[in-house]
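Beneath this line is the structure, given in structure tokens, with notes to follow.
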Amino acid sequence: MEEEKKVNVEGENKVKEEEHKKEKKKDKEKKGEKDAEKKGKKDKKKKEEEEDDKEIKGEEETKEKKGEKEAEKKGKKDKKKKEEEEVDKEIEGEEETKEKKKKDKKEKYDANDPEKLKKRLDKINAKIESLLEEKENIMKLMNEAEKKKSEGIKDEATNGKK
């Protein structure tokens, strides 16, 4: 009977380990996808720049007037700059939202209003009390489980002697 329990526990542990490995693998894949997405944007930007450079070189050879060449170069360079700025803004936007959240959280906890502080303190005390109650219940359950386990061992010892 105990061997069956051990086998079951070992089987459950193996299943849990496999599930944990799968979750880690998924997390790595998600991170890789995000990194690949950022890298893809940069690669796309580089390809577009290369294509634009090729176009500029090809067009320079065919055009006769120097002013037209410079105007087009300037227009394409402006276009590139705008695209670069858009990508930079996207990245900065993500960083700004993170910073804004941190700032909002900081402002929330830096309040000088005694009433707000008292409310926050009451909330924290209520949470602590509920956690202490939960801890107490868990400790009782642990003690009961240990008593049952020790009684079970004593019963086996007495049954074995008879």
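The values are calculated or read from the model by the stated rules, or taken from the named source; none is laboratory data. Since this is a predicted model, take the numbers as computed values, not measurements. Surface areas here come from the heavy atoms of the whole protein model, side chains and all, with no ligands, DNA or RNA. Shrake-Rupley method; radii C 1.70, N 1.55, O 1.52, S 1.80 Å.
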Selected residue (only one of Ile124, Ile153, Ile56 is more than 42 Å from the chain's Cα centre (by Cα) and either closer than 30 Å to Lys34 by Cα or modelled with pLDDT of 75 or more (or both)): Ile153
Selection status of Lys24, open to solvent by 100 Å² or more (accessible area, probe 1.4 Å), modelled with pLDDT of 75 or more and either among the basic types (Lys, Arg) or on the phi > 0 side of the Ramachandran plot (or both): yes
